Amino acid sequence: MTSTLPPPEAAGWKRARIAQRTLRTDRWWSGPAWTVLGLTAFLVYGLARALQQDHYWVADYHYLTPFYSPCLAGQCVEEAAVFGRLPWDFPWFLPFAVVSLPFLLLFRLTCYYYRKAYYRSFWQSPTACAVREPHGRYTGETRFPLVLQNLHRYFFYIAFGIALLNTYDALVALFHGHNGGFGIGVGNLVLLTNVVLLWCYTLSCHSCRHVIGGRLRSFSRSPARYRMWTAVSKMNTRHMLFAWVTLATLVLTDLYVALVASGTLTDLRLLN
Ligand code: FES
């Protein structure tokens, strides 16, 4: 059969020689659409909470929302600043959360999975397999600003440190029950679940996999690293799942702390 389409060079096409944007008849747009909704909702919530500058700390049980950890500003509640406060107040336009939230966002923004997700949904490059993208040229991650995605490994180190801080916060809260001793409330379970899942996301990162198993000539000479790399590689296959689950658990954890801190909700105590 002879094609009625002009030659690709004449039409300026460099890819598929079809007039339609795509021949796909399935709901290929639903994945990118859900991604836009999910990421936008998280960003709006995170920004609103960062700007609120309140209800981040439950004094009775030492619950600190992960969004505000570490709390270093001079205005932070003294007990919430487990690593001490800076000797000056943050100016009004700088949220307390500026210490960690931007790095956590950059860690996620440069994450290999999220890149795929938002390249498809926001950047439309490409929107989906076999769907023509609106861009005329494809330069990958070789030009500014996308070349900055290579900083991901450095954000991994920072996120690793922040995950350690969140873990410390969750463990310290266990020793602030009603009588100042060991105690468990729903809030403790929420904080602990959040850090366990955060570790799943952080350790399943591709950069973590490289840190553990990269630059080795022979695995047989480093059996401990091989075992760790194998474990991390298994987790890595679920990285997308952890990426979405932790987005939800971060919001739910922060929301729980905010509701208890504001007096809207009473923390149910299971022990002491
Ligand atoms: Fe997703 Fe590193 S690849 S966090």
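The values are calculated or read from the model by the stated rules, or taken from the named source; none is laboratory data. Note that the structure is a prediction, hence the values are computed from the model and not measured. Quick reminder, even Gly has a Cβ in these numbers, built from the backbone with ideal geometry, and neighbours come from all protein chains shown.
Being among the acidic types (D, E) and within 17 Å of F67 (Cα to Cα) is the filter here, so list the residues in region 228-272 that pass it.
Correct list: D254 only.
Out of all the residues in region 129-149, which are in contact (Cβ under 8 Å) with a residue 40 or more places away in the chain and not in a loop (DSSP other than H, G, I, E, B)?
If the condition is that a residue be in contact (Cβ under 8 Å) with a residue 40 or more places away in the chain and not in a loop (DSSP other than H, G, I, E, B), then V131 is the only one that fits.
Inspect region 227-239 for any residue being touching a residue at least 60 places away in the same chain (Cβ under 8 Å) and either in a helix (DSSP H, G or I) or β-branched (V, I, T) (or both) and give the result as yes or no. Full working, then the answer.
If we filter region 227-239 for residues that are touching a residue at least 60 places away in the same chain (Cβ under 8 Å), which is where we start, we get 239.
Filter once more, so that each one left must be either in a helix (DSSP H, G or I) or β-branched (V, I, T) (or both): 239.
Yes, region 227-239 contains at least one residue that is touching a residue at least 60 places away in the same chain (Cβ under 8 Å) and either in a helix (DSSP H, G or I) or β-branched (V, I, T) (or both).
Looking at I184, is it of a type in the set (V, I, T), closer than 28 Å to L241 by Cβ and within 16 Å of the ligand (Cβ to nearest atom)?
Values: of a type in the set (V, I, T): yes; closer than 28 Å to L241 by Cβ: yes; within 16 Å of the ligand (Cβ to nearest atom): no.
In short, no.
Contact list please: Cβ distance under 7 Å, first residue in region 115-128 and in contact (Cβ under 8 Å) with a residue 12 or more places away in the chain, second residue of a type in the set (A, V, I, L, M), pairs at least six apart or on different chains.
Sorted first by the residue in region 115-128, then by its partner, the pairs are Y118/L39; R120/A128; S121/V36; F122/V36.
Would you mind stating whether Q124 is out of contact with any helix residue (DSSP H, G or I) (no Cβ under 6 Å at 6 or more places or on another chain), among the polar types (S, T, N, Q) and modelled with pLDDT of 90 or more? Show your work before the answer.
Numbers: out of contact with any helix residue (DSSP H, G or I) (no Cβ under 6 Å at 6 or more places or on another chain): yes; among the polar types (S, T, N, Q): yes; modelled with pLDDT of 90 or more: no.
Criteria not met by Q124.
Let's see how each residue does on (1) polar (S, T, N, Q); (2) closer than 23 Å to L165 by Cα; (3) within 13 Å of the ligand (Cβ to nearest atom):
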site	(1), (2), (3)
C205	no, yes, yes
V211	no, yes, yes
L216	no, no, no
M228	no, yes, no
M235	no, yes, yes
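Among the numbered criteria (1) part of a loop (DSSP other than H, G, I, E, B); (2) loosely packed, with under 13 Cβ neighbours inside 10 Å, which one does E79 miss?
Going through the list (1) part of a loop (DSSP other than H, G, I, E, B); (2) loosely packed, with under 13 Cβ neighbours inside 10 Å, E79 breaks only (1).
For every residue, the table says whether it meets (1) surrounded by fewer than 18 Cβ atoms within 10 Å (Cβ to Cβ); (2) without any contact (Cβ under 8 Å) to a residue 12 or more places away in the chain; (3) among the polar types (S, T, N, Q); (4) more than 28 Å from L265 (Cα to Cα).
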position	(1), (2), (3), (4)
H176	no, no, no, no
V186	yes, no, no, no
V196	yes, yes, no, no
T202	no, no, yes, yes
C208	no, no, no, yes
G214	yes, yes, no, yes
S218	yes, yes, yes, yes
V245	yes, no, no, no
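Yes or no: region 120-128 includes at least one residue that is surrounded by 12 or more Cβ atoms within 10 Å (Cβ to Cβ), assigned to a helix (DSSP H, G or I) and out of contact with any strand residue (DSSP E or B) (no Cβ under 7 Å at 6 or more places or on another chain).
Taking region 120-128 as the starting set, the residues that turn out to be surrounded by 12 or more Cβ atoms within 10 Å (Cβ to Cβ) are 120-128.
From the residues that got through so far, the ones that are assigned to a helix (DSSP H, G or I) too are 120-121.
Now restrict to residues that are out of contact with any strand residue (DSSP E or B) (no Cβ under 7 Å at 6 or more places or on another chain): 120-121.
Checked against the condition, which is being surrounded by 12 or more Cβ atoms within 10 Å (Cβ to Cβ), assigned to a helix (DSSP H, G or I) and out of contact with any strand residue (DSSP E or B) (no Cβ under 7 Å at 6 or more places or on another chain), region 120-128 yields at least one hit.
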